[in-house]
Amino acid sequence: MMEGGLLFGNPWLHGLIMGVIVLSGAMGVAAYAVWFERKFAARMQNRPGPTEVGYGGLLQPIADLLKLLQKEHLIPRSADRPLFNLAPVLVVIAPLATLAVIPFGPGLVGTDPSIGLLFALAISSLMVIPVWMAGWASNNKYALLGAMRAAAQAISYEIPLLLAAMVPIVLTGSFRVGDIVAAQEGGRWFAFWPPGPGFFAFLLFFFASLAESNRIPFDIPEAESELVAGVTTEYSGMIFGLIYLAEYLHTFIASALAALLFLGGWQGPGPDGIHWMLLKSLLVFAVIFWIRWSWLRYRSDQLMAMCWKIFLPLGLVLVMASAIWVQLR
Amino acid sequence: MLEWIAFVILGLSLLLAGRMVVVSRDLVHSVLWLAVALVSTAGLFITLNAEFLAAVQILLYTGGVITLMLFGIMLTRRLATARVEHGSSGRVRGGVLALATFALVTVAVRQASRSGHLIQTGTLGDTKALGSLVLRDLMLPFEALSVLLLAAMIGAIVLARKVDP
């Protein structure tokens with residue numbers, strides 16, 4: 001796909017230009033996701049949400065950003081200074097690196113290597129290390145508890161996530177994201193075709209992604225009612241903003257991956273293109289917010305029991321089922 | 001040319017990280033430097049066209065093993081506050097051993113490449129070939145390995161459990 005899909009001839013030039021476009025686009029989406037979430041939550045709770053800055057509060061993310069940039073960057077005396085400062089930067093780098101292999105349309109991708117999907121999942125599995133670093137370096141018991149929960153959760157939910165992602169891989173026979181989207185041509189989205197395993201794999205992928213990106217009902221590492229703010233307790237100013245940004249980026253990437261793997265990516269009724277990809281990923285993204293504001297948080301042990309007793313066996317069965325489907329077809 | 005630059009950068013970062021794993025006095029820093037070393041190794045795999053191996057390296061070693069190590073440190077109070085002491089005795093012995101290992105590996109690689117036993121660059125990146133090699137031709141050793149890992153896991157559970165239910 002890459003040979004024909006280069007928009008700018010030279011792969012280096014293509015990577016550079018697409019990289020700038022995709023990264024700035026994703027940053028914009030993450031910033032406006034905050035505005036959208038505040039509006040959405042407000043409407044669900046029958047209040048107006050941000051209205052002061054700009055029309056309908058549309059400039060609120062920019063005002064928040066300016067506020068965060070002006071704040072003092074506090075470092076606790078007992079913190080591990082190098083790790084404390086490094087962690088938020090690495091937290092943002094991990095999801096940004098994932099974006100390199102996520103296509104938003106035919107050719108609209110930094111690079112589409114033969115192991116694209118595996119690379120994306122591998123890099124997002126790395127995200128737990130900087131999160132853990134942040135919690136550890138803060139030298140604060142709430143932050144450390146948050147870090148411990150984050151590590152436990154990430155390492156458990158990585159397995160069902162990979163198993164769910166295996167279903168489209170088995171059905172396509174390729175790790176290349178472009179191939180996986182191409183295999184869903186003609187409305188045969190993996191969420192609905194083959195009937196059965198695809199749909200459950202989509203649900204599994206969705207919930208495992210929620211757990212990986214620490215969203216409600218799995219935001220146990222942050223749990224503001226018990227852990228102050230989890231790993232971010234000691235962070236302030238823009239460096240806190242970075243961790244926050246990374247969480248939204250991670251959620252957006254999870255939605256984009258769900259759209260690519262199970263909902264046909266940029267294909268749709270009518271002309272294919274980036275509009276379908278954006279529409280589908282933003283819809284999944286919106287569902288995540290919807291869940292966040294209507295669901296309760298699970299307890300840590302409930303989360304683990306669900307992972308090992310329901311999600312893991314389900315994932316194994318789904319991979320088997322899709323392999324049998326491929327053999328019988 | 002660009003691959004050469006990437007190789008030099010990754011090699012240097014691997015060497016630096018490897019050194020820091022050994023000399024760092026803080027156990028947590030050591031583990032995190034090990035993560036840097038493992039990611040650099042994955043980068044080296046990519047420059048050798050072994051992309052699948054690189055992804056698996058990151059997924060299993062950096063994402064899995066390092067997280068487990070950090071988890072282990074955190075749950076063990078004694079380890080969490082420990083300062084690692086480095087004795088400087090045995091430097092000569094260590095140096096000789098390191099040089100001998102390096103010489104051994106170099107000779108082995110040179111001989112293998114001369115006799116043509118070395119895997120050609122680019123073939124490892126072919127995930128399909130790798131899959132059929134491991135899951136078809138080498139099925140039995142692969143399954144034996146998984147049984148070994150299962151045995152280790154059951155053993156760990158037996159050791160960790162204090163009382164029989």
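The values are calculated or read from the model by the stated rules, or taken from the named source; none is laboratory data. Given the structure is predicted, the values throughout are model-derived calculations rather than measurements. Cβ sites come from the backbone with ideal geometry, for glycine too, and all protein chains shown count toward neighbours. The accessibility values were calculated without ligands, DNA or RNA, using every heavy atom of the protein model including side chains. Shrake-Rupley method; radii C 1.70, N 1.55, O 1.52, S 1.80 Å.
Which residue, chosen from B:A37, A:S322, A:Y32, occupies the Cα position most advanced towards the positive end of the dipole of the protein assembly as shown, where the dipole is computed from +1 (Lys, Arg) and -1 (Asp, Glu) charges on Cβ about the Cα centre? After comparing all options, I get B:A37.
Each residue of region B:133-148 is assigned a 3J(HN,Hα), and the resulting list reads 5, 6, 9, 10, 6, 10, 4, 5, x, 5, 5, 4, 4, 5, 5, 4 Hz, derived from the Karplus form 6.51 cos²θ - 1.76 cosθ + 1.60 (θ = phi - 60°), x at Gly and Pro.
The accessible surface of chain A, taken with every protein chain in place and a 1.4 Å probe, is 70 percent carbon and sulfur. Per-residue mean of foreign Cβ neighbours for A:129-139 is 3 (Cβ atoms of other chains, 10 Å radius).
Protection proxy ranking, highest mean first, for peptides A:65-75, A:235-245: A:235-245, A:65-75, where packing is the per-residue count of other beta-carbon atoms within 10 Å, averaged.
The lysines whose alpha-carbon is closer than 27 Å to the alpha-carbon of A:K67, local same-chain residues fewer than 8 away aside, are A:K39. Specify the angular offset, from 0 to 90 degrees and rounded to the nearest 10, of the alpha carbon long axis of helix A:197-212 from the longest principal axis of the alpha carbons in chain A. Taking Cα atoms only, the helix is inclined about 20 degrees.
Please state the charge dipole magnitude for the protein assembly as shown, taken about the Cα centre, from unit charges on C-beta atoms (+1 on K and R, -1 on D and E), reported in debye and rounded to the nearest 20.
940
Only Cα sites of region B:126-165 enter the Debye sum here, all with the same form factor; the resulting log10 I(q)/I(0) across q = 0.18, 0.19, 0.30 1/Å is -0.60, -0.63, -0.91, listed in q order. The angle between the Cα long axis of helix A:11-44 and the longest principal axis of the Cα atoms of chain A comes to about 60 degrees, rounded to the nearest 10. For chain A, the longest principal axis of the Cα atoms and the long axis of helix A:60-70 meet at an angle of about 50 degrees. Here the scattering of the protein assembly as shown is modelled by Debye summation over its C-alpha atoms, one equal scatterer each and no solvent; at q = 0.05, 0.07, 0.08 Å⁻¹ the log10 of I(q)/I(0) is -0.21, -0.41, -0.54. Take each residue in B:28-38, count the other chain C-beta atoms within 10 Å of its C-beta, and the mean is 2. Among the residues of A:117-124, the average count of other protein chain beta-carbon atoms within 10 Å of the residue beta-carbon is 5.
Once you keep just the Cα pairs under 8 angstrom separated by 6 or more residues, what percentage relative contact order results for chain A? Normalised by residue count, the contact order of chain A is 22 percent. Taking the charge dipole of the protein assembly as shown about its Cα centre, with +1 at Lys and Arg Cβ atoms and -1 at Asp and Glu Cβ atoms, the residue from A:F252, B:A152, A:G270 reaching farthest to the positive side is B:A152. Listed peptides A:136-142, B:13-19 appear in the order A:136-142, B:13-19 once ranked by packing, highest mean of other Cβ atoms within 10 Å at the front. Calculated [222 nm] ellipticity per residue, helices only, for chain A: -21500 deg cm²/dmol; basis is -39500 (n - 2.57) per DSSP H run with n ≥ 4, divided by all residues, nearest 500. Surface burial for A against B, with a 1.4 Å probe and both sides summed, reaches about 2200 Å² of accessible area.
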